[in-house]
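Report on the following structure.
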Amino acid sequence: MMIRILLVVLGLAVTLGAGPAAAAEPERPVLDWLAYDPSTLADYAVDTDVGDPARHVAIPVGGSAGAKRVMILIPSRSVAAYTLAVNTVLQVFARREVPARFDIWYYDGDTDVALEALDWSYRQPVDLIMSAGSSATSFLRAHHSGHAIPAVTSASKDPIASGHLGDPAGSGTNIAYTSINVETGTLVAYLRRLIPDLATIAVAYSAANSSAVLTQVNPLKAAAEELGLEIVDVTVTGRETAEADLEAALPRAIAMMRARDPELERSILLVTGSTAVYERIDQINRHAGTLPVVSMLPDVVRAGPDSALLSIGVNLTSALTLAGVYAVDVVTGAADPGALPVGTVSPPDLAINFLVAERIGVKIPFSFLESSTFVYDTDGRQVVAFGQRVY
Amino acid sequence: MTRLFAILPTILPGIVLMGVSLLMFAYVGYGEATRVYSEMRLERVLQLGATIQHSLNQFARSGLPLDQVTGFERRAQQLGEVDRAIHAVALTDARGATITCLAVQSGADASACVDRLGAGTAAFRGHDGGRDAAIAEVGGAKILRLPVADKFGTVGFVVLFVDGPTVRETVAEGFGPVFLAAGALFLLYALAQIAIELRGTEPAGRWRTPSFTATVLVMVVVLIGVLFQLYRQGVEGQAEGLARSMAARLAAATEIGVPISALSGIEEALRDYRRINPQIAAITLSRDGEILHRIADPDRVAALAGEGTLSFSQPVDAAGTLVLAAELPFAVVVRAMGVGARNFAALFFGCMLFATIFFRAVRARRETPAGIGRTGERRSAAAGLAILQPAYFLGILADSLVLSVLPEMSDRRVAAEGLSGGLVSLPFSLFFVGLTGALIPASILTERIDLRSLFLAGTAAVAAGLFMVGLLDPFWALCAGRALGGVGQGLLLIAVQAYAFEIVSSEERVRAAAAQVLGYNGGLIVGTGIGGLLAVFMDDAFFMVVAGGAAVLSLVYIRAALPSLRKSRETETRQSSRLLGDLGRVLAFPDFLALLALIGVASKFALAGVAIFAMPLVLHQTGYGDDEIGQALMVFAIVTYLVTAVAPRLVAAMGSTDRVLVAGMIALALGMAGLGLVTGGGGVGLGGVEPGGAGVGSGGWLVPGSLTALAADVQHWLAALPLPAAAGGVIALSVALLGVGQGLIAAPIIARVAAGGAAVSVGRDRTIAVYRILERLGHISGPALVGLLLVAASDNPAALAVLGGAYGVLAALYGLVSVALRTRPST
C-alpha cells in the first residue's frame, strides 16, 4: 500500500512538474529481442504490440477465460538466458494443463519501470509474479516481500548464499525461491561417490567473481568444515592475470594436497563457474596430471583431451523447469510459497569425458553414467547428448 | 447289444461322473494355468518394457520434451521380436495424448494401434497420478503402462499392448496333452466299466471306486506334469525379462564405446537390482566365462552353486563376451504349483465324495432292481437310503456351489442400485425365512402327497431360485431367488426326513438321520469346494445358471432313480396343530429357555450370520479369490461334519453335555475373534460404499480404536513372520474353529433338550420339534444383524471380534446358568 501511495505521489509530482522545458524522459525499454519457440507459439497467442514496448502478452490459444494471470519480470537483455526462461515457463504451464495469461515485462535495469510493472500487476491484479534472473529476484525481495500476491523466482543464483533467506526449508513469506546452483550437500555427495575416501578439494575460482565466491566457494567451505574435508584455494584475480595466477597457484595447491595425500588418490580439483578459470581447462589439466578435475559447469566437459573429467552442475533448462513447476503449484494453490523449500534440481546434470577418465585412471560410477546428460567416449568423441545417443 | 443296454443303468452314472470329473479337472487346470502363466508372462513383459522405460527416463531427465526422442521405434521393434505377445508399443505424454504408436508384429495395422491406444488411455482413467506401473484390461488384451519421468515428475508413458489370445495360445499348446489324456482316460474307464459289468461277476462292483480313484489320480499326475512344464517355461521367461532388463542398462555403456572396466559401482547396481526384484536367486556378470560380479541370495545356498535355478543369459556387448545371467529359483515354480495343488486337492476330494455317494446308490439300485418300498416291504433299508442320499446331496450341492460368490454379488447389486449397505444381508435372511416358512406346510404336505413329488418340488424351487438370480439383474430378483431357494431347501429337508424315516424301521432311525447328515454335509463340502473353483473362471450370473443346471440334474436323478412313496397315515399324529400349545408349555422351563437363547439360537446365528454370510464377504473384500473362499467354506463344512461325529464321544469323555456346549460356544467366540483380527482394521466396503483392503481405519461407534489398533498389530506381526501364508493359516484356523463350535453344539444340544425338564413334562419329540422351529430365529436374524453390525462398524471386519467377545460372554453366562439350574433345589 505504501509503495502504491508513493508511486501515485511520484506520478502526480512528475505530472505537475512537467512543462515544455521539462527534462527528457528516460528511454522506455524495448522488448524486441525475446524470441518464442514454435512449441510455445503452438500453445499461446503472443502479442508483441500491446501499446507498451516494454511488455509482451501471451494468451493460451484456447482463450483467456478462466486463465490464471502471471507476470514475468525480466531485468536485462540477456537474449539466450531469458528467451529460454520465458519459453520454458510457458511450456511447463501448457504441459501441465494450467491455462495462464502471461504479461512479460522488461525493465532493463530501470527500477522505475520495474516499480511501474509491480504497480501494474497489483492493479490487475495478477495471480503470480515471477522473476527471471538474480537481479529481478533481488528486486522482488526488496519491493514485493510480504505482499498478498505470491511470487516465484527463476534463473537465479542460490538464494541462501545471496542472503535472501536463511532457512532452505522455506522463506516463510510470499516468495518461493529456486536456484540454478547445485545444492552443496548434493555436490559433496557426488564427489564422494567418485572418490569414496575424499579428503581434500582444491577449489579454483576468481576472487573478482563475487557471484562464484558467494554461491559456490563459500557454501562449499562451510560444508567442508562440517565434513572434515580440507579446502585448498586456487585463486585468480581476473581474466587478464588468470594464466599467470594459475601457473603459480596450481603447483602450490597440488603441493599442499600431496602433503596430505601423496598419490592424490583422495583429492579432487573443483573448477567453479568463474570464466577466468574454466576457460583455461587445458592449463589446469596440464598441472593436475592424474588429479581428477571436476567442473561445476557442463561446458567444461567437452570433446577431446582438453576437458574436465566430469561436471556436476545444473542445466539451465532443468532449473527453469523446476521454477515452472513451482509456479504451477503456487498459482493453483497446491503449495504455499512460504512453505516451499528452496528449489534445487536433483539429481544434478552430469557430463563425463571417458578419455580423461582413462588417462588419469579413474573409474566412473555406473550410476553417474546412467544419469548423465552428456558423455564423451574413450576417444573423446561425443556419444550422448541430452541423454540420447548421438551416432 | 441287448446285454449292453441292460447294464447301461448300472455303468452310466459312473461313466458320466468320470466324464464330468475329468472335464472339471481339465477346466479348472486350464483356468488355473491361464491365470498363473498370464501373470508370469505379464511380469516378463513388464521387465522387457523397463528396458525402454529406462532409456526414456534418461532422455526426459535431460530436460527435452518426449516428442524429440529418437530410437524409440528401434527399441519397440526389439520388444516385439523378443515377445510375440507384445502387439503394439506406444509413447504418450502425461495427458495420454499419443506421441508415437507402433504395431510391432508383422501384419499388424498401425491405425489399429492408435485405436487401441485410445481405449488403453480410457482404461487408465481414474488411476492414480501414474507414478507406478499399471495394468488394465481392454477387450481381452492387457495394457501395461510404465511412467516416464523427468526430474520433476511424470512426463509421459510407455504403453505396451499384450495380446490375450497369444498368451492363451501358449497355455492351450501346453494343455494339448491334458485334453488328450482326459479323452483317453475317459474311453479307457468306460471300456473297463463295460468289460467288468459284462463279465457279470459279483465282485465287479468292488472295482468301481478304486478304478475311479486310479483314473482321476492319473489325470492329476498328467496335469501336474503339464503345469510344471508350463510354469517352468513362464519362470524362464521371467528370468529372460530380468536378464534383458539389466543387460540393457549395462549395454547402454558398451554400445557407446564405454568399457565396463571403466566403470565402478557395477556390483552395487546388480545388488540394487536384486533388491528390487527379490525373486532373483542370483545375477551374474561374466566375461568369457570368468565371473566378474555375482550377487546371490545368501538364503539360497543351492543357488550359489548354480543348482536349483532357472537361468537366462543375455550378452551385454556386441562381441558376446560379456554376459549377464539372471537366475530364478525352482521354488518359484513350486510355489506356483502349490496354489494349484490346493485347488486340485479340493477338487479331488470333492470328486471322490461325489463318486462315493453315487457309487453307493448305483450298487443299491443293482441290489434292489424292483425299487424300494416302505418299511416292511423294503428289501434293504440301507439300499433305500443309498438311493435317497444323492437326491438330497445334489439339492444341497446345487445351492452350496454359489455360496462363495453370493455375498459379493449381493454387495455389488446393492451398490449398483444405490441401496443402503445394510440391505446386503437381506437375501441371506430371506433364504432362512423361506426355509423356516416352508417347514410346517411341507410337514403337512408329507401326509397328503407323494414324497417324491415333495422332493421334486423342493429341488425345482432350488433350481428356479438359482435361475432367477442368474438371469435377472435387479436386487429384488436376488432376494426373491434366495427366498425361493430357502423354500426349496425347507421342502427338501422335510422330504428327506419323511422319506428316510418311511423306509427304515423305528430301530434304524439313527441310520436314517446319519444318511441325512451325510447328504447335507457332503453336498455342502463338495458344493462349496467345487463351486469356489468354478466361480473363479466364470461370470457370477452365468455361474448361477450353471448351479441351477446342477439342480435340474438332481431333478432328473429324483425322477429316474427315486421311487414314488407315500407316507403311511397310521403313524401320523397331529403334531403341527399342537405346536402352538407346546410352545407355551416348553418356554416355561428355564433350562429350555437358557439352552435356546444362549446356545441354540446363538449357534445358528453364527452359522448363518458369520460362516455363510459375513465370512465370504469379508474374505472377498480382503482380497481372497472365489476359490479360496470356497475352500474356506469347505474347511468349515468338513470340520463341522467331523466334529459332529465325535461330539457324542466327547460328551461321554467329559461327562457333561453342558461343558461341551460351553466349549462349542468358546470355539465360536475364538473363531470370530480370529477372523475379525486378521481381516479387521479397515473398511471392507459393504454396500460398495468404500473400497476394501486391510489397514487401520475407523470402526464406527462399535469397534473401539484399541481393537482396530490390535487388529493392525496382529496383521503386521503375521506379515513379519517368515511363514509365507501366516495370515491365511490363521484365517483357516478361525474358520475351522467356527466349524468346531458348530460341530460341538449341533448334536449335543438336541440330546440336552431331550434330557431337559421340558422334554420330561411335554414329551421329548414335541419339545425337540418346538426347539427346531425356534432355533431358526438364529438362522433368520444372523445375516440381518451381522450385516447391520458391519454397517455400524463402518464396514470394519474387527466387528466380528466384538461379536466373538459377546459369544464369550454368552458361553460364561450359560456355564453359570447351567450350574445354578443343576444345584437349584427341586420344588
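The values are calculated or read from the model by the stated rules, or taken from the named source; none is laboratory data. All figures in this text were calculated on a predicted structure; none of them were measured in a lab. FYI the Cβ positions are ideal-geometry reconstructions off the backbone, even for glycines, and counts take in every protein chain you see.
Here is a check on your reading of the model: is B:A801 in contact with a Leu (Cβ under 7 Å, 6 or more places away or on another chain), in a helix (DSSP H, G or I) and closer than 20 Å to B:F432 by Cβ?
no
Return a yes/no flag: does the stretch A:143-162 have any residue that is among the polar types (S, T, N, Q), touching a helix residue (DSSP H, G or I) at 6+ places or on another chain (Cβ under 8 Å), closer than 25 Å to A:L34 by Cα and surrounded by fewer than 20 Cβ atoms within 10 Å (Cβ to Cβ).
Initial filter on the stretch A:143-162 (among the polar types (S, T, N, Q)): A:145, A:153-154, A:156, A:162.
Okay, now just the ones that are also touching a helix residue (DSSP H, G or I) at 6+ places or on another chain (Cβ under 8 Å), so A:153-154, A:156, A:162.
Filter once more, keeping what is closer than 25 Å to A:L34 by Cα: A:153-154, A:156.
Applying the additional criterion that residues be surrounded by fewer than 20 Cβ atoms within 10 Å (Cβ to Cβ) yields none.
Checked the stretch A:143-162: no residue is among the polar types (S, T, N, Q), touching a helix residue (DSSP H, G or I) at 6+ places or on another chain (Cβ under 8 Å), closer than 25 Å to A:L34 by Cα and surrounded by fewer than 20 Cβ atoms within 10 Å (Cβ to Cβ).
Among the residues of the stretch B:247-261, which ones are among the small types (G, A, S) and either more than 7 Å from chain A (Cβ to nearest Cβ) or surrounded by 20 or more Cβ atoms within 10 Å (Cβ to Cβ) (or both)? So that I can check it myself, show each step before the final result.
Our first condition is that a residue be among the small types (G, A, S); within the stretch B:247-261, this holds for B:247-248, B:251-253, B:257, B:261.
Of everything in the stretch B:247-261, those that are among the small types (G, A, S) and either more than 7 Å from chain A (Cβ to nearest Cβ) or surrounded by 20 or more Cβ atoms within 10 Å (Cβ to Cβ) (or both) turn out to be B:A247, B:A248, B:A251, B:A252, B:A253, B:S261.
Residue under question is B:R452, and the condition is that it be in a helix (DSSP H, G or I), under 23 Å from B:V546 (Cα atoms) and not acidic (D, E); does it hold? Walk me through how you get there before you give the answer.
On the way: in a helix (DSSP H, G or I): yes; under 23 Å from B:V546 (Cα atoms): no; not acidic (D, E): yes.
For B:R452, the condition - in a helix (DSSP H, G or I), under 23 Å from B:V546 (Cα atoms) and not acidic (D, E) - is not met.
The set of residues from the stretch A:373-386 being facing chain B (nearest Cβ under 8 Å) and buried (at least 24 other Cβ atoms within 10 Å of the Cβ) comprises A:T373, A:V375, A:V384. Residues in the stretch A:267-311 that are closer than 23 Å to A:E183 by Cα and surrounded by fewer than 17 Cβ atoms within 10 Å (Cβ to Cβ): A:T275, A:D299. The requirement of being outside any helix (DSSP H, G or I), at pLDDT below 85 and over 26 Å from the mean Cα position of the chain (by Cα) is fulfilled somewhere in the stretch B:639-655, by at least one residue. Which members of the stretch B:729-739 meet the condition of being over 17 Å from B:L518 (Cα atoms), of a type outside the set (S, T, Y) and touching a residue at least 24 places away in the same chain (Cβ under 8 Å)? The answer is B:V730, B:I731, B:A732, B:L733, B:V735, B:A736, B:L737, B:L738. Restricting the stretch A:165-183 to residues that are crowded, with 24+ Cβ neighbours inside 10 Å and of a type outside the set (V, I, T) leaves a set whose member that is farthest from A:D329 (Cα to Cα) is A:N181. Of all the residues in the stretch B:24-61, those that are within 14 Å of chain A (Cβ to nearest Cβ) and hydrophobic (A, V, I, L, M, F, W, C) number 5. Listed conditions (1) buried (at least 23 other Cβ atoms within 10 Å of the Cβ); (2) facing chain B (nearest Cβ under 7 Å); (3) out of contact with any helix residue (DSSP H, G or I) (no Cβ under 8 Å at 6 or more places or on another chain) are all met by A:R389, apart from (1).
Looking at the structure I just gave you, is B:E572 surrounded by 15 or more Cβ atoms within 10 Å (Cβ to Cβ) and at pLDDT below 75? Working first, answer last.
Numbers: surrounded by 15 or more Cβ atoms within 10 Å (Cβ to Cβ): no; at pLDDT below 75: yes.
Considered against the rule, which asks whether it is surrounded by 15 or more Cβ atoms within 10 Å (Cβ to Cβ) and at pLDDT below 75, B:E572 comes out as no.
Close contacts from the stretch B:267-278, counting a first residue that is within 14 Å of chain A (Cβ to nearest Cβ) and a second that is among the aromatic types (F, W, Y), with Cβ to Cβ under 7 Å and a gap of 6+ residues or different chains, come to B:A269/A:F366. With respect to A:A42, is the statement that it is in contact (Cβ under 8 Å) with a residue 60 or more places away in the chain and of a type in the set (G, A, S) true? Here the answer is no, as A:A42 does not meet what is asked.
Out of everything in the stretch B:382-432 that is among the polar types (S, T, N, Q) and more than 30 Å from B:R559 (Cα to Cα), what residue ends up being farthest from the chain's Cα centre (by Cα)?
Let us first name the residues in the stretch B:382-432 that are among the polar types (S, T, N, Q), namely B:389, B:400, B:404, B:410, B:420, B:425, B:429.
Restricting the remaining residues to those that are more than 30 Å from B:R559 (Cα to Cα) gives B:410, B:420, B:425, B:429.
Working: B:S410: 17, B:S420: 27, B:S425: 20, B:S429: 22 Å.
Restricting to residues being among the polar types (S, T, N, Q) and more than 30 Å from B:R559 (Cα to Cα), the top hit is B:S420.
It is to be established whether one or more residues within the stretch B:305-328 are more than 14 Å from chain A (Cβ to nearest Cβ) and either assigned to a helix (DSSP H, G or I) or touching a Gly at 6+ places or on another chain (Cβ under 7 Å) (or both). Checked against the condition, which is being more than 14 Å from chain A (Cβ to nearest Cβ) and either assigned to a helix (DSSP H, G or I) or touching a Gly at 6+ places or on another chain (Cβ under 7 Å) (or both), the stretch B:305-328 yields no hits at all. Checked across the stretch A:168-191, the condition of being among the charged types (D, E, K, R) and either part of a helix (DSSP H, G or I) or over 17 Å from the mean Cα position of the chain (by Cα) (or both) holds for no residue. Under the condition of being assigned to a helix (DSSP H, G or I) and either over 30 Å from the mean Cα position of the chain (by Cα) or of a type in the set (D, E) (or both), the residues counted in the stretch A:251-274 number 9. Against the test of being among the hydrophobic types (A, V, I, L, M, F, W, C), within 13 Å of chain A (Cβ to nearest Cβ) and without any contact (Cβ under 8 Å) to a residue 12 or more places away in the chain, the options B:L8, B:L64 yield a single qualifying residue, B:L64.
Within the option set B:Y771, B:Y807, being in a helix (DSSP H, G or I) and under 25 Å from B:V618 (Cα atoms) holds for one residue only, B:Y807.
For the condition at the interface with chain A (Cβ under 10 Å from one of its Cβ atoms) and farther than 25 Å from A:L350 by Cα, what is the one hit in B:R95, B:R74, B:R84? Within the list B:R95, B:R74, B:R84, the selection yields B:R95.
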